[in-house]
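Asker: Could you have a look at this structure, given as structure tokens, before my questions?
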Amino acid sequence: MANTPITMSKLRSILRLYCTGTGVRTISAMTITSRNTVKKYIRIYNTLNLSYEELIKKDDAELCELFSAPKEDSPGSLRHQQLEKILPDICKKLKKRGVTSGQLYKEYIKAYPDGYSMTSFRVAIQRYIRLSHPIMRQQHKAGDKMFIDYTGDKLSLKLPDGSIKEVEVFVAILGCSQLTYVEAVESQKKEDLISACENAFLYYGGTPRAVVPDNLKAAVTKASRYEAILNPEFAAFAEHYGVVVYPARGYKPRDKALVENAVKRTYKDIYTKLEGLECADLASLNLAIRSALEMHNNALLTGRNYSRREYFQDVEREELGL
């Protein structure tokens, strides 16, 4: 039976096998445990955000609490409803630098003395995050990183003589709030890249602690999986603003997933609104882009009651450098 309790020693064996790459079917056979039960505990393990080394240091009572559903975890229970109601705000606060789940638990238990234990509280947070962001598993602290890239598809200007000129489109996104900045530029040359990054800082009203380019030639002279060599001018620009440059690592898709998603949304939310529009210069094109961009940033996030702009103002704005 999938719901049959197992001993903590068997649970440790399941986790050890899973963390060494053993498949569910093999784990089931080796531990004489049903596949559904194995899947259940693996699923719980993947919500905990704890390494195997951290888990095996816990005693049986702690493991039992971690891998058991709260006694009153039904949707109808009062404390379940209370916690579910405040989880969005809890997770928003957790994005702020220096804020820990332990601090938030103290606030929670003070407001709800009959609430869950700290372990169950942390499990609830991790489950909420996973359900809210099932694909993007990296969690970014407020003010930490700005990811940058160019769109693959260019936009066009219709010059006064009737000719068409293609221009590049720069995209930046903050890791925490996902507030996005988009600008049409002449080229991908270092001068235009530096100018676009500076304009992004002005748009955000501050600087992040790091800029993450996807090994753009204007930013990175030589890519490396260990330590990339930065373009001297871009490095000087970063030093002037007091930011660190962390080029995205090759073969590490999570490093650039956020900005790649921002590029896709640029096509969907901005390019579509520019269809049929004819601009003779970058200034007029960027005015049109800014109008569509504000609609994008002010739209409610899927499954949320707040926008990127509101999240930025509440959580990330105060964490940016001046």
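The values are calculated or read from the model by the stated rules, or taken from the named source; none is laboratory data. All values reported here derive from a predicted model rather than from experimental measurement. Here Cβ is always computed from backbone atoms with ideal geometry, including for glycine, and neighbour counts include all displayed protein chains.
Asker: Where residues in the range 63-81 are in contact with a Ser or Thr (Cβ under 9 Å, 6 or more places away or on another chain) and modelled with pLDDT of 75 or more, which of them is surrounded by the fewest Cβ atoms within 10 Å (Cβ to Cβ)?
Answerer: If we take residues in the range 63-81 being in contact with a Ser or Thr (Cβ under 9 Å, 6 or more places away or on another chain) and modelled with pLDDT of 75 or more, then HIS80 is surrounded by the fewest Cβ atoms within 10 Å (Cβ to Cβ).
Asker: So which of GLN139, GLN178 ends up being touching a Leu at 6+ places or on another chain (Cβ under 9 Å), within 30 Å of GLN82 (Cα to Cα) and at pLDDT 90 or above?
Answerer: Only one candidate qualifies: GLN178.
Asker: Let me ask you something else. Looking at the range 270-286, can you tell me whether even one residue there is modelled with pLDDT under 90 and either hydrophobic (A, V, I, L, M, F, W, C) or buried (at least 17 other Cβ atoms within 10 Å of the Cβ) (or both)?
Answerer: No, the range 270-286 has no match at all.
Asker: Check whether at least one residue in the range 238-256 is within 19 Å of VAL185 (Cα to Cα), at pLDDT 90 or above and under 20 Å from the mean Cα position of the chain (by Cα), and report yes or no.
Answerer: There is no residue in the range 238-256 that is within 19 Å of VAL185 (Cα to Cα), at pLDDT 90 or above and under 20 Å from the mean Cα position of the chain (by Cα).
Asker: Let me ask you something else. Restricting attention to the range 147-169, and to residues there that are under 29 Å from the mean Cα position of the chain (by Cα) and not in a strand (DSSP E or B), which single residue is surrounded by the most Cβ atoms within 10 Å (Cβ to Cβ)?
Answerer: Filtering the range 147-169 for residues that are under 29 Å from the mean Cα position of the chain (by Cα) and not in a strand (DSSP E or B), the one surrounded by the most Cβ atoms within 10 Å (Cβ to Cβ) comes out as THR151.
Asker: Got a sec? Which of LYS58, LYS92 is modelled with pLDDT of 75 or more, on the phi < 0 side of the Ramachandran plot, part of a loop (DSSP other than H, G, I, E, B) and surrounded by 16 or more Cβ atoms within 10 Å (Cβ to Cβ)?
Answerer: When all the criteria are applied, what remains is LYS58.
Asker: Also, quick follow-up: Restricting attention to the range 100-124, which residues are buried (at least 16 other Cβ atoms within 10 Å of the Cβ) and not in a helix (DSSP H, G or I)?
Answerer: Of everything in the range 100-124, those that are buried (at least 16 other Cβ atoms within 10 Å of the Cβ) and not in a helix (DSSP H, G or I) turn out to be GLY115, TYR116.
Asker: For the range 205-216, check the following and say yes or no: at least one residue is touching a helix residue (DSSP H, G or I) at 6+ places or on another chain (Cβ under 9 Å), modelled with pLDDT under 85 and either closer than 27 Å to GLU166 by Cα or outside any loop (DSSP other than H, G, I, E, B) (or both).
Answerer: Checking the range 205-216: at least one residue is touching a helix residue (DSSP H, G or I) at 6+ places or on another chain (Cβ under 9 Å), modelled with pLDDT under 85 and either closer than 27 Å to GLU166 by Cα or outside any loop (DSSP other than H, G, I, E, B) (or both).
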